[in-house]
Each structure stands twice: as structure tokens, then as C-alpha cells.
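*Asks:* Once you've had a glance at the structure underneath, I'll fire off some questions.
What follows is calculated from the coordinates using simple rules that are stated; it is not laboratory data. Computed from a prediction, not measured in an experiment: that's the story for all the values here. For neighbour counting, all protein chains shown are included, and Cβ atoms are generated from backbone atoms with ideal geometry for every residue, glycine included.
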Amino acid sequence: MSNEPIRLLIAASGTGGHLFPAIALAEQLPDYQIDWLGVPNRLERQLVPAQYPLHTIAVEGFQQRFGLGTMAILLRLSSSIRQVRQMLKEKNFQGVFTTGGYIASPAIIAARSLGLPVILHESNALPGKVTRWLSPWCTTVALGFPPAEHYLPRARTLVVGTPVRSQFRAPQKLELPIPENVPLIVVAGGSQGAVAINQLVRQCAPAWFDAGAWIVHLTGENDPDAQSLQHPQYFSLPFYDNMAGLFQRASLAISRAGAATITELAVTQTPAILIPYPFAAEDHQVFNAAIFADAGAGLVFRQAELTPQLLKGKVLHLLQSPQQLQQMAQCAADLAIADSAERLAALVRQLLSSC
């Protein structure tokens with residue numbers, strides 16, 4: 001038996017929704033030699049190199065009608081497949097893990113051409129196009145939500161939940177000067193922020209302040225009016241590293257409905273008002289939000305239908321109904337698969353050890 005560590009290539013790129021579950025898995029495999037596959041100038045450039053070797057390739061998704069631009073994308077995809085295939089052979093990788101998105105295509109195709117096992121994790125309730133197209137090629141497709149199985153009839157699937165980073169599963173100290181006995185509203189528009197949500201919240205905030213609430217508002221870096229509201233009970237930040245502590249402390253979250261966010265809200269037992277991103281591919285955030293709402297853990301509103309008056313009133317009602325918030329928190333907890341990262345790591349170990 002060789003004493004060399006098992007070598008795993010993780011292909012995850014672009015957004016926190018793709019990267020954070022992969023990082024959570026990697027944390028559960030400390031005895032593995034892990035390399036990372038991404039693309040230039042995306043979030044992985046900030047999150048990955050301090051922990052894992054990062055390799056980048058030029059690849060992009062199919063977001064347009066067939067034409068000359070599509071041919072260029074196909075040529076780049078073909079080149080990327082060759083690059084990944086060569087890397088897998090030269091570095092003697094024993095398997096590939098991916099969280100989907102367009103980085104997954106060359107990773108899956110290259111790995112399967114070499115007979116290597118591929119584990120794809122799909123966190124969304126409505127699987128993405130790459131997952132639907134390439135899931136039959138994968139050894140196993142691990143799912144965050146059970147309804148995703150219905151869209152993958154030819155794949156070998158296993159529901160494991162979506163892994164969250166380890167800090168979400170342990171109490172975290174919140175280093176913001178917020179009194180312990182006040183309701184806290186956390187507003188999070190996703191990794192890029194959400195200007196439309198920001199504008200709504202700033203119009204509603206005075207009424208929430210009057211009701212005794214404090215607000216931590218993560219505006220993102222693209223809101224020109226981010227500092228236009230000033231109040232002793234209000235913190236406006238472009239982002240905040242300790243999201244685990246923030247959600248743990250929150251009485252209520254106002255949020256987009258990415259799969260990773262939904263999972264983090266469930267693990268931290270945080271009631272939420274969800275506003276799905278209206279331009280998400282195939283409107284997939286609506287499907288994620290429906291799972292949270294159907295469980296009784298939150299309310300869902302389309303961005304186009306949400307007025308300041310409606311949002312203000314719904315939040316005030318919840319602030320005045322602590323028993324309802326407590327019930328929503330319990331419903332969120334019932335959705336959580338707290339050991340998702342361990343389940344996914346066990347699956348990876350099982351498949352790679354049998355190679």
C-alpha cells in the first residue's frame with residue numbers, strides 16, 4: 001500500500017455559492033492532497049491560494065444563442081479539457097470533485113476520459129444546466145435538496161445537504177457593538193450585494209428603528225448610496241467576514257435565496273424574508289426560496305412585487321410576534337443537515353479509495 005496521500009482536484013469557481021461548499025468539504029479532508037481548479041479574476045483568487053494550489057483555465061458558460069461567439073466558446077472549452085486532462089495525468093490525481101457551473105464541464109469530461117471518479121455536488125433545488133447535461137457522466141451527484149432528484153433521472157444521486165463552513169456550526173462572537181437584548185435585522189444581498197434591496201431597506205429602516213430594531217446592512221461594493229443612511233442603530237458595511245456570527249445573532253434576515261445562503265440560514269436557525277434574485281439562471285433562486293417558505297421558515301417575495309410599504313409592514317409584524325419568529329427558527333433548524341460536510345467527505349473517501 002502506498003503512503004502517498006490521495007490527490008483530489010476540486011473544480012469550483014465564481015461565487016460563494018460554488019466555493020463555500022467546496023471549501024467546507026476540503027476542511028473535512030485534511031489528509032488529502034487537494035489542488036483547486038478555477039478561472040482567472042473570480043472569487044477563488046481571494047479565497048483559495050492561501051490554503052490550496054490554484055490552477056486557472058479560460059472557460060465560460062453558454063449564455064447566448066448559437067453563433068460565432070458560441071464557436072469561440074466551444075474552442076476554448078476543448079482547449080480547457082485538454083489542459084485539465086494533462087494536469088490530471090501529470091499530477092496523478094485520483095478523482096475530481098466539483099460544485100457545478102461552467103468550470104465543471106472541462107473537469108468532468110477530462111476526468112471521465114481518464115476513467116477517474118467524479119463527484120458533483122448540486123446545491124440548488126433546480127439543478128443548473130451543466131449538472132443536467134453532465135450528471136450521467138458523474139460517478140455520483142450529491143444533492144443539497146431532495147426535489148433536485150426529479151430533474152436528474154439518469155444520474156446516480158444521493159441527498160447529503162449542502163456543506164457549510166465549520167464556523168457556522170459553532171457559536172461565533174459578533175464583534176459589533178449591538179446590545180444583547182435588541183432585535184437585529186441582517187440584510188444580505190449575496191456576495192455582490194443587491195442595490196434594489198438596499199433601496200427598499202433604507203426606505204423602511206426608520207420605522208424599524210422606532211420599533212427598537214438594529215440593522216446590519218451588507219450593501220455590497222456597487223451601491224453608490226451605501227452611506228446615505230446614518231443612524232446609531234444602523235451599520236452599513238460592504239461585506240462582513242463573520243457571516244456565521246451575524247446569522248446566529250439575527251432575529252430576522254432579509255436576503256437573496258442562493259442555495260448556500262438558504263443552507264446557512266437553516267443551520268443557524270435564522271428566520272428570513274427571501275427576495276430571490278430576479279435574473280438568476282432559470283429563476284433557480286425561486287425554487288430554493290420555496291423550500292424554505294414551504295417549511296415555514298420564511299416568507300418569499302418577488303422583487304418586482306415588493307414595495308417599501310409591504311416590506312416595512314411584514315417586518316414590523318414579525319418584530320412584534322416573537323413567538324412566530326421562534327417557530328420559524330425551529331422550522332429552519334428542521335431543514336438543516338448539520339453534518340452535510342461529513343456526509344459528503346465520506347462519499348468522496350468511499351469512491352476514491354475504491355480506485
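*Asks:* Helices from the chain with mean Kyte-Doolittle at least -0.5 and a Cα length along the axis of 30 Å or more, per DSSP H: which?
*Replies:* Sorted by number, the helices that extend far enough and score high enough are 68-90.
*Asks:* Rank Leu335, Leu316, Leu116 by mean-square fluctuation in a GNM of the chain with C-alpha springs under 10 angstrom and give only the top-ranked residue.
*Replies:* Leu316
*Asks:* Let me have the relative contact order for the range 168-335, percent, based on Cα pairs under 8 Å that are six or more residues apart.
*Replies:* 24
*Asks:* Could you check the spin-label model distance between Ser354 and Arg7? Points 7 Å from the Cα along Cα→Cβ, value in nm.
*Replies:* Each label point lies 7 Å from its Cα, and together they span 2.3 nm.
*Asks:* Follow-up. Using a Cα-Cα cut-off of under 20 Å, which aspartates and glutamates could be cross-linked to Lys173, ignoring same-chain neighbours fewer than 8 residues away?
*Replies:* Asp241, Glu264
*Asks:* Let me ask something else about it. At 222 nm, what value in deg cm²/dmol follows for the chain if DSSP H runs of at least 4 each add -39500 (n - 2.57) and the sum is divided by all its residues, to the nearest 500?
*Replies:* It lands at -12000 deg cm²/dmol.
*Asks:* Within 10 Å, count the other beta carbons around each residue, average over each peptide in 48-55, 248-255, 319-326, and list them highest first.
*Replies:* Ranked from most to least packed, the peptides come out as 248-255, 48-55, 319-326.
*Asks:* Sticking with this one: Sort 278-287, 302-311 for me by packing, meaning the mean count of neighbouring Cβ atoms within 10 Å per residue, highest on top.
*Replies:* Result, highest mean Cβ count within 10 Å first: 278-287, 302-311.
*Asks:* Still on this structure, please answer the following. In terms of the Cα gyration tensor, with a ≥ b ≥ c the square roots of its eigenvalues, is the range 240-355 rounded because a/c is under 1.5, prolate because a/b exceeds b/c, or oblate?
*Replies:* prolate
*Asks:* For Lys312, which aspartates and glutamates qualify as cross-link partners when the Cα separation must be under 19 Å and same-chain residues fewer than eight apart are set aside?
*Replies:* Of all the aspartates and glutamates, those that pass the test against Lys312 - Cα under 19 Å, at least 8 places apart if same chain - are Asp210.
*Asks:* Run down the aspartates and glutamates and flag those whose C-alpha is under 18 Å from the C-alpha of Lys129, throwing out any fewer than 8 positions away in its chain.
*Replies:* Correct list for Lys129: Glu60, Glu149, Glu282, Asp283.
*Asks:* Something else: Please list, in order along the range 235-251, the HN-Hα scalar couplings obtained from phi with the Karplus expression 6.51 cos²θ - 1.76 cosθ + 1.60 (θ = phi - 60°), rounded to whole Hz, x for Gly and Pro.
*Replies:* With the stated coefficients, the range 235-251 comes to 10, 9, 10, x, 7, 8, 5, 8, 5, 4, x, 5, 5, 4, 7, 5, 7 Hz.
*Asks:* Would you mind calculating the relative contact order of the chain from Cα pairs under 8 angstrom and at least 6 residues apart, reporting the percent as a whole number?
*Replies:* 15
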